Amino acid sequence: MKAVLLDEDGKVHYREIPTPKLQKGDILVQMKVCGLCGSDIEKLHGRYKGVPPIIGHEASGIVAKTNGVKNIEEGDRIFPHHHVPCYSCYYCKHGSPTMCSDYRRVHYDPGGFAEYFRFPRWNIEHRGLLKLPKGMSFEEASFIEPTACCIRALNRYRVKRNDRVIVIGAGPIGLTFIQLLKIIGAKAYASDLSEARLKAAKKFGAIEVFNPFEVDVPKHIKELTEGRGADIAIIASSSSKAIVQGFDGIRRGGRVGLFGVPAKGSVLEYDFSDLFNSEKSIISSNAATEEETKTALDYIHKKKIDVNSLITHKFKLKEFDKAVQIAAKAEAIKALITS
Ligand SMILES: [Zn+2]
Ligand SMILES: [Zn+2]
């Protein structure tokens with residue numbers, strides 16, 4: 001079979017490899033669609049380390065083979081969650097399931113950018129597999145994982161109805177946040193360097209959008225919130241400048257939600273006495289669990305959020321390099337890799 005793999009030399013290669021062998025309890029998934037995520041690109045650039053160098057985690061597909069698994073049939077259309085917690089360790093029982101030592105231990109083998117991948121027994125037994133409802137396309141299902149991560153983040157940032165939220169970075173994640181904020185009844189503002197993305201942010205429900213090339217974002221957000229600043233700033237970008245803008249743009253007692261993957265070694269230049277004096281806090285959110293993936297599937301299936309309009313590019317596996325180049329461009333929103 002063909003696969004795109006991130007090799008030891010830090011480069012991606014599209015090549016022929018043996019189809020993974022199943023152990024008891026595993027299934028083989030035929031990949032239909034796998035979203036290209038910002039974190040994949042960070043891995044390609046060697047900026048996201050300390051995790052297994054596996055790329056492709058936003059997949060949907062068809063069960064091609066099973067090995068002693070109950071209730072899953074060949075031909076089933078599924079969403080396989082690449083990481084699942086154990087639900088019984090200290091972290092799982094104390095509100096940090098995505099920090100569970102088992103969470104990142106297993107993954108798709110060899111990754112989501114492959115014609116087939118092995119989905120391990122561990123993930124199946126820990127409820128990491130969802131069957132797709134009738135009418136949900138594989139493209140839509142490839143958004144379950146990123147949407148779930150956004151849902152968990154909004155819970156962690158404690159976003160409530162009528163909160164004013166500035167979303168910094170209006171890429172696929174920022175635009176998903178804007179749609180989810182609308183469901184909660186919060187008021188969203190968006191900031192991005194790309195006019196195309198700002199236009200999309202408006203379409204998805206942002207009240208006002210700003211381009212930091214043109215306006216001072218923190219100053220502007222204060223003007224729009226009776227001088228206070230936003231309740232929450234969501235950093236849907238990997239730039240440390242965006243985090244500082246977030247701190248400057250929130251009100252006293254406000255929160256900065258850290259979502260975009262900062263490059264390894266990022267240092268923040270910020271006078272943090274302001275955090276204490278103004279009781280500002282920063283909350284990070286990393287990945288998602290079963291509960292949020294179910295909610296994400298439900299929102300996408302019931303068209304509460306529109307993921308199809310986020311897709312601007314589709315590429316075949318062998319065109320992976322092209323997808324990476326396009327995804328870095330401002331006019332792209334979401335690039336999908338298809339089988
Ligand atoms: Zn992702
Ligand atoms: Zn655990």
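The values are calculated or read from the model by the stated rules, or taken from the named source; none is laboratory data. Quick caveat: nothing in here was measured; it's all calculated off a predicted structure. Neighbour counts run over all protein chains shown; Cβ positions are idealised from the backbone, glycine included.
Pairing each residue of region 98-117 that is farther than 17 Å from Glu145 by Cα with any residue that is part of a loop (DSSP other than H, G, I, E, B) and within 16 Å of ligand 2 (Cβ to nearest atom), provided the two are 6+ apart or on different chains, yields C-beta distances under 6 Å for Cys100/Pro85; Cys100/Cys86; Cys100/Cys89; Asp102/Cys86. Of all residues in region 4-32, those satisfying the criterion of being hydrophobic (A, V, I, L, M, F, W, C), surrounded by 15 or more Cβ atoms within 10 Å (Cβ to Cβ) and more than 22 Å from the chain's Cα centre (by Cα) are Leu22, Ile27, Leu28. Of the residues making up region 10-24, those that are closer than 29 Å to Asn67 by Cα and either within 16 Å of ligand 2 (Cβ to nearest atom) or out of contact with any Gly (no Cβ under 6 Å at 6 or more places or on another chain) (or both) are Tyr14, Arg15, Glu16, Ile17, Pro18, Thr19, Pro20, Lys21, Leu22, Gln23.
Of everything listed in (1) crowded, with 24+ Cβ neighbours inside 10 Å; (2) assigned to a helix (DSSP H, G or I), the single unmet condition for Phe117 is (2). If the condition is being modelled with pLDDT of 90 or more and loosely packed, with under 12 Cβ neighbours inside 10 Å, then region 254-266 contributes no residue at all.
Does region 33-46 contain at least one residue that is surrounded by fewer than 16 Cβ atoms within 10 Å (Cβ to Cβ), part of a loop (DSSP other than H, G, I, E, B), in contact with a strand residue (DSSP E or B) (Cβ under 7 Å, 6 or more places away or on another chain) and at pLDDT below 95? The answer is no, given that none of the residues of region 33-46 is surrounded by fewer than 16 Cβ atoms within 10 Å (Cβ to Cβ), part of a loop (DSSP other than H, G, I, E, B), in contact with a strand residue (DSSP E or B) (Cβ under 7 Å, 6 or more places away or on another chain) and at pLDDT below 95. Within region 69-79, none of the residues are closer than 25 Å to Glu319 by Cβ, among the acidic types (Asp, Glu) and touching a strand residue (DSSP E or B) at 6+ places or on another chain (Cβ under 9 Å). One residue stands out among those in region 45-79 that are over 17 Å from Thr338 (Cα atoms) and in contact with a Gly (Cβ under 8 Å, 6 or more places away or on another chain): the one that is farthest from ligand 1 (Cβ to nearest atom), which is Gly68. Summed over region 320-338, the residues that are of a type in the set (A, V, I, L, M) and not in a loop (DSSP other than H, G, I, E, B) give a count of 7. How do the pairs read when you match residues in region 14-33 that are of a type in the set (Gly, Ala, Ser) with residues anywhere that are surrounded by 19 or more Cβ atoms within 10 Å (Cβ to Cβ), using Cβ under 8 Å and keeping only pairs 6 or more apart or on different chains? So the pair list comes out as Gly25/Val69; Gly25/Pro120; Gly25/Ile124. Against the conditions (1) in contact with a helix residue (DSSP H, G or I) (Cβ under 8 Å, 6 or more places away or on another chain); (2) within 16 Å of ligand 2 (Cβ to nearest atom); (3) hydrophobic (A, V, I, L, M, F, W, C), Ile41 satisfies every one except (2). Here Pro97, Pro146 are screened, and the one residue that is at pLDDT 95 or above, within 16 Å of ligand 2 (Cβ to nearest atom) and touching a Ser or Thr at 6+ places or on another chain (Cβ under 8 Å) is Pro97. When region 80-102 is filtered for residues that are of a type in the set (Ser, Thr, Tyr) and within 16 Å of ligand 1 (Cβ to nearest atom), only Thr98 remains.
Scanning region 65-87 for residues being more than 16 Å from ligand 2 (Cβ to nearest atom), of a type outside the set (S, T, N, Q) and farther than 15 Å from Cys34 by Cβ gives a total of 9.
Looking at (1) in contact with a Phe, Trp or Tyr (Cβ under 7 Å, 6 or more places away or on another chain); (2) over 28 Å from Leu193 (Cα atoms), find the lone condition where Val307 falls short. The failed condition is (2).
Of all residues being surrounded by 18 or more Cβ atoms within 10 Å (Cβ to Cβ) and in contact (Cβ under 8 Å) with a residue 60 or more places away in the chain in region 316-332, which is nearest to Arg197 (Cα to Cα)? Just the residue, please. Taking the candidates together, the pick is Ala327. Restricting attention to region 59-105, the residues being crowded, with 18+ Cβ neighbours inside 10 Å and either farther than 16 Å from Ile124 by Cα or hydroxyl-bearing (Ser, Thr, Tyr) (or both) number 7.
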